[in-house]
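K.L.:
So that we are looking at the same thing, I have put the structure below in structure tokens.
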There are 2 protein chains.
Amino acid sequence: MEGNSCIRLYADQAQIMACKSKLKAAEKAFASLSAVLSLAGNEVRLKILYLLEEEKELCPCDLSDILGMTIPAISQHLKKLKDGGIVQTQKDGQTVFYSLVKELLPIVKPFFTHINSETFKTEVT
Amino acid sequence: MEGNSCIRLYADQAQIMACKSKLKAAEKAFASLSAVLSLAGNEVRLKILYLLEEEKELCPCDLSDILGMTIPAISQHLKKLKDGGIVQTQKDGQTVFYSLVKELLPIVKPFFTHINSETFKTEVT
DNA sequence: TTTGTATTTAAGCAACTGCTTAAATACAAA
DNA sequence: TTTGTATTTAAGCAGTTGCTTAAATACAAA
């Protein structure tokens, strides 16, 4: 990628430089936030996060029943969420309980608020 | 997917049914929110949204310069954002200005708040 | 009209995603 | 120990994503 851009007269060079430096300053924040958003951007995983918020903790087996998916499929989603630092595990015998990591709640909670308000809002059609 | 779940003794059948019906009620909300999140979950698109919020409107050419990517790559990201209803266009001569759609701001704005607070917070390491 | 600029679209492709089935692992009860 | 349950891991694969380059389109100025 070199010099493919337009050769326009009216580009505001100062604006472009300012934008570049803003992005550079926030580089890490973009990487970590987009990682969380792309995890939550999968419908199955979004539902898992919502359920964990509602129920506090659930095991892969419960999630499999609730979502109507195979255990390995659920387990692989949970692994991604755990690797992404969004959920954590606690073992009790041979069952593993998954729950939301508190630190990520500020990002994730607004989603649930939105889900609930979309779902239970008064119909005005 | 049929009967692959565990055959556990202590499944709380009432809890599982309650979860299922909550999900069913919010089915549409999950679909539309996960679509928006997966769009914003791409780092390039997240930056585009952030820049549009900061600058009010930008053309593909500007974004190409700022992000250091080819025009077609940018244009294809913008198309996805437009198809997803997150951005809108306004034409002026031969340049096309992209801006955020107001209706989606409640979902998208918290991202920017998070980006800024992560970036400009006081270091407490 | 011809020429040039801004943007979009299309085709090709390597890389990634999310499922499937099968096998491996962890743990508990008999 | 053997047996069974809960979970994870691995391999295979169709489908999707996000870039590239090249071509098409839209519009304005000469």
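Each reported figure results from applying straightforward, stated rules to the coordinates on display, with no laboratory input. Just so it is clear, the model here is predicted, and its values are computed rather than measured. Quick reminder, even Gly has a Cβ in these numbers, built from the backbone with ideal geometry, and neighbours come from all protein chains shown.
K.L.:
Between B:LYS28 and A:ALA18, what's the calculated FRET efficiency when r is the beta-carbon distance and R0 is 41 Å? Round to 0.05.
P.N.:
0.55
K.L.:
Which Cα, out of B:PRO110, B:SER75, B:ALA25, lies furthest along the positive dipole direction of chain B (beta carbon charges, K/R +1, D/E -1)?
P.N.:
About the Cα centre, the residue reaching furthest to the positive side is B:ALA25.
K.L.:
In the structure displayed, which of A:LYS79/B:LYS109; A:LYS20/B:LYS82; B:LYS79/B:LYS121; A:LYS102/B:LYS22; A:LYS20/B:LYS102 lie more than 31 Å apart, Cα to Cα?
P.N.:
Going by Cα-Cα distance, B:LYS79/B:LYS121 fall outside the 31 Å limit.
K.L.:
With +1 on each Lys and Arg Cβ and -1 on each Asp and Glu Cβ, and nothing else charged, work out how big the dipole of the protein assembly as shown is about its Cα centre, in Debye to the nearest 20.
P.N.:
60 debye
K.L.:
If each label sits 7 angstrom from Cα along the C-beta direction, how far apart, in nm, is A:LYS82 from its counterparts in the other copies?
P.N.:
In ascending order, 4.4 nm.
K.L.:
A further question on this structure: Taking B:LYS91 as the anchor, which aspartates and glutamates have their alpha carbon closer than 12 Å to its alpha carbon, excluding any fewer than eight residues away along the same chain?
P.N.:
Within the straight-line limit of under 12 Å, B:LYS91 reaches these aspartates and glutamates: B:GLU57.
K.L.:
7 Å along Cα→Cβ for the label point: how many nanometres lie between B:ASN116 and each equivalent label in the other copies, listed shortest first?
P.N.:
Its label point is 2.7 nm from the equivalent points in the other copies.
K.L.:
While we're here: Give the shape of segment A:20-125 as rounded, prolate or oblate, defined through the alpha-carbon gyration tensor: a ≥ b ≥ c are the square roots of its eigenvalues, a/c under 1.5 means rounded, and otherwise the shape is prolate if a/b is larger than b/c and oblate if not. It would help to have the intermediate numbers written out before the result.
P.N.:
On the way: a/c = 2.12, a/b = 1.23, b/c = 1.73.
It is oblate, given that a/c is not under 1.5 and a/b is not larger than b/c.
K.L.:
What are the nm distances, shortest first, from B:LYS24 to its equivalents in the other copies, labels at 7 Å along Cα→Cβ?
P.N.:
B:LYS24 label point versus its equivalents elsewhere: 5.6 nm.
K.L.:
What is the residue of chain A with the smallest Cβ distance to the axis taking A onto B, and what is that distance in whole Å?
P.N.:
With distances in whole Å, chain A gives A:GLY41, 2.
K.L.:
Right, another one. Using the Kirkwood radius over C-alpha pairs as Rh, can you work out the diffusion coefficient of the protein assembly as shown via Stokes-Einstein at 37 °C, viscosity 0.692 mPa s, in µm² per second?
P.N.:
Estimated diffusion coefficient is 164 µm²/s.
K.L.:
What average number of partner chain Cβ atoms lie no more than 10 Å from the Cβ of the residues making up B:65-73?
P.N.:
5
K.L.:
Nearest 500 deg cm²/dmol is fine: what mean residue ellipticity at 222 nm does chain A get from its DSSP H runs of n ≥ 4 alone, each adding -39,500 (n - 2.57), divided by its residue count?
P.N.:
Rounded to the nearest 500, the figure is -19500 deg cm²/dmol.
K.L.:
Extending each Cα 7 Å along its Cβ direction at B:ALA35 and B:LYS56, get the distance between those two points in nm, one decimal.
P.N.:
3.0 nm
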